[in-house]
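Notes follow once the structure below has been shown.
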Amino acid sequence: MARQRPLVDQALDVLAWLVSRGLFRTVEVAGAARIPRDRPLIIVANHFNGLVDAVLLAVIVRGVPRFVATATLWRSLLLRPVLAVAGVVPVSRPEDHSGPVDNATLFGRAHEILRRGGMLAIFPEGTTHDHLELQRVRTGAARIALGAREAGIARVAIVPIGLTFDDKLALRSRMLARVGQPIDVDAWVRAGHAASLDDHANAQLLTDVVRERLIGTTPRYIDALDRAMLNRAASVRLRTELSQPNEIVPLARREALAQRIADAPATGRREVLDALGTYQVQLDLLRLRDEQVMPPVQTSWLLRRALGLTAYLVVLGVVVAAGIVVNIVPTLVTATAGRRPFAPVTKGTVRVLAALIVFPLTWAVIAILAPGTGVVRTVAVFVACPIAGAVAVGGLERAVALWRAWSGWLGLRNTRGLLDRIQATRQRVCDRVDAAARRD
């Protein structure tokens, strides 16, 4: 396996990219330049979305890190081959054993990976969950980092990455990764932070720094409803600055502004939500959405978009149709599988596992049954299936965006007499957001 490892990692890297592009409409990375590329790294991230988090980290860091995962996963005969191929390092958690826990093998493997200048990835909360805030951070990452330094491995850095999901339940949603300021372990020790001779105390001190950096990159809201409302208010404010209809508000800017409102005094938050509530009622009564009001849709813009979609379908219509036919069944199976688990955090994991099985299997069957013979023909058909699917998704999303813009344009034409009042209410939302953001 060692000789094939580079090829396996490249294949896993491509697979992670394909899965991320299939599950998410956009994957934004804020602060990617903070990830060092010339030193051993320990990536730490929040764990809000099961297996999806691991897939996205592989895309974000532009390489496949060696993940540290609970040893209980190896109890599954189905997962063992997958864990072996991915090079996952098992860790024994105290809650999974009745007696003492020995992780000497874990530390040995982790230090060997770092000695080669590689990347480890750890979810320091210890388990995935559906909470909106970071849970208790365990000391594993700090213990590995400090142990590596004692073993003579220099320049190890701990890189915090916060993963934020627009909607964990929806397919083709959006996600944001925020890279925090790396922790140079050597510099941290030289600065005298590791003043105690007690290894456990030093690990806890470094863990406190890891937690602080992670908190700065992850959402902090009262509950899911609070997050949804504050993000809606931030979207209204930021959409004012967009120049084109149907343009998407960047998730990084939206989350940053929503968090500033969340951190504002209670009076400011309440004023934002009161103004937003009034505006939303007006939109609902007129069957409009904010993206249909701002930026306003012009007839010339609609015409250009309609012509662009027509040209897209004329040139690629056959590919779009083929992509729909080839991928409709695995898409439905993946979506259905994701709805079965009750816990939202489990839905993402089930979707990833279902997609990894159903899509390649479907493409392989089509490639084998397609007319013609020969390995080249079979491989070409197999590769063409996901490409056709991507073209189909592009066409469908363009058509949906055009339909929404068209319906909004018609809705605004039917409410000319009320448009000034709607705009005034909308402006009050923007003013309240600006005021709350200044008082955080």
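The values are calculated or read from the model by the stated rules, or taken from the named source; none is laboratory data. Bear in mind the structure is a predicted one, so any value in this text is a computation, not a measurement. Cβ coordinates were reconstructed from backbone atoms using ideal geometry, including for glycine residues, and neighbour counts include every protein chain displayed. Protein only, heavy atoms only, side chains kept; ligands, DNA and RNA dropped before computing areas. Shrake-Rupley method; radii C 1.70, N 1.55, O 1.52, S 1.80 Å.
Restricting to the range 226-266, give me the number of residues that are free of Cβ contacts under 8 Å to residues at least 40 places away in the same chain, open to solvent by 70 Å² or more (accessible area, probe 1.4 Å) and either under 20 Å from Met175 (Cβ atoms) or of a type in the set (Val, Ile, Thr) (or both).
Within the range 226-266, residues that are free of Cβ contacts under 8 Å to residues at least 40 places away in the same chain, open to solvent by 70 Å² or more (accessible area, probe 1.4 Å) and either under 20 Å from Met175 (Cβ atoms) or of a type in the set (Val, Ile, Thr) (or both) number 1.
Take the range 16-55 and flag every residue that is open to solvent by 40 Å² or more (accessible area, probe 1.4 Å) and under 16 Å from Val88 (Cα atoms).
Listed by number, the list holds a single entry, Leu51.
Filter the range 35-58 down to residues that are under 13 Å from the mean Cα position of the chain (by Cα) and assigned to a loop (DSSP other than H, G, I, E, B) and give me whichever is nearest to Ala142 (Cα to Cα).
Across the range 35-58, the extreme among qualifying residues is Asn46.
Which ones in the range 331-353 are hydrophobic (A, V, I, L, M, F, W, C), under 18 Å from Trp17 (Cβ atoms) and open to solvent by less than 30 Å² (accessible area, probe 1.4 Å)?
The one that is hydrophobic (A, V, I, L, M, F, W, C), under 18 Å from Trp17 (Cβ atoms) and open to solvent by less than 30 Å² (accessible area, probe 1.4 Å): Val352.
Which residue, of Ala437, Ala370, Ala354, is among the aliphatic types (A, V, I, L, M) and touching a residue at least 40 places away in the same chain (Cβ under 8 Å)?
Working: Ala370 fails: touching a residue at least 40 places away in the same chain (Cβ under 8 Å); Ala354 fails: touching a residue at least 40 places away in the same chain (Cβ under 8 Å).
It is Ala437.
Residue under question is Pro65, and the condition is that it be modelled with pLDDT of 90 or more, in contact with a helix residue (DSSP H, G or I) (Cβ under 6 Å, 6 or more places away or on another chain) and open to solvent by less than 20 Å² (accessible area, probe 1.4 Å); does it hold?
In short, no.
Within the range 407-432, can you find the residues that are of a type in the set (A, V, I, L, M, F, W, C) and modelled with pLDDT of 90 or more?
So in the range 407-432, the residues of a type in the set (A, V, I, L, M, F, W, C) come out as 409-410, 412, 418-419, 422, 424, 429-430.
Residues satisfying the conditions are Ile422, Ala424, Val429, Cys430.
From the residues in the range 237-255 that are in contact with a helix residue (DSSP H, G or I) (Cβ under 8 Å, 6 or more places away or on another chain) and among the hydrophobic types (A, V, I, L, M, F, W, C), which one is modelled with the lowest pLDDT?
Going through the qualifying residues, I end up with Val249.
Can you find a residue that is in contact with a Ser or Thr (Cβ under 8 Å, 6 or more places away or on another chain) and not acidic (Asp, Glu) anywhere in the range 269-276?
So far as the range 269-276 goes, yes, one or more of its residues are in contact with a Ser or Thr (Cβ under 8 Å, 6 or more places away or on another chain) and not acidic (Asp, Glu).
If I filter the range 188-225 down to residues being closer than 17 Å to Leu41 by Cβ and in contact with a Leu (Cβ under 7 Å, 6 or more places away or on another chain), which single residue comes out as most open to solvent (accessible area, probe 1.4 Å)?
Trp188
With the requirement that a residue be crowded, with 21+ Cβ neighbours inside 10 Å and either modelled with pLDDT under 95 or in a strand (DSSP E or B) (or both), what does the range 174-187 give you?
Met175, Leu176, Ala177, Arg178, Val179, Ile183
Residue under question is Glu212, and the condition is that it be free of Cβ contacts under 8 Å to residues at least 60 places away in the same chain and either under 21 Å from the mean Cα position of the chain (by Cα) or part of a helix (DSSP H, G or I) (or both); does it hold?
Working: free of Cβ contacts under 8 Å to residues at least 60 places away in the same chain: yes; either under 21 Å from the mean Cα position of the chain (by Cα) or part of a helix (DSSP H, G or I) (or both): yes.
Yes.
Filter the range 153-167 for residues that are in a loop (DSSP other than H, G, I, E, B) and over 9 Å from the mean Cα position of the chain (by Cα) and give the result.
The first filter runs over the range 153-167 and keeps only residues in a loop (DSSP other than H, G, I, E, B), leaving 153-156, 166-167.
Within the range 153-167, Ile153, Ala154, Arg155, Val156, Asp167 meet the criteria.
Which residues, counting only those in the range 114-128, are open to solvent by less than 20 Å² (accessible area, probe 1.4 Å) and under 20 Å from the mean Cα position of the chain (by Cα)?
Hits for the range 114-128 are Leu120, Ala121, Ile122, Pro124, Glu125.
Could you tell me which residue of the range 268-307 is nearest to Arg426 (Cα to Cα), considering only residues that are without any contact (Cβ under 8 Å) to a residue 24 or more places away in the chain and open to solvent by less than 70 Å² (accessible area, probe 1.4 Å)?
Gly277
Give the residues of the range 410-436 that are open to solvent by less than 40 Å² (accessible area, probe 1.4 Å) and in a helix (DSSP H, G or I), sorted by residue number.
Listed by number, the residues that qualify are Gly411, Leu412, Leu419, Ile422, Thr425, Arg426, Val429, Cys430, Val433, Ala435, Ala436.
Hey, Ala58 hits all of (1) at pLDDT 95 or above; (2) open to solvent by less than 20 Å² (accessible area, probe 1.4 Å) but one; which does it fall short on?
Result: Ala58 fails condition (1) only.
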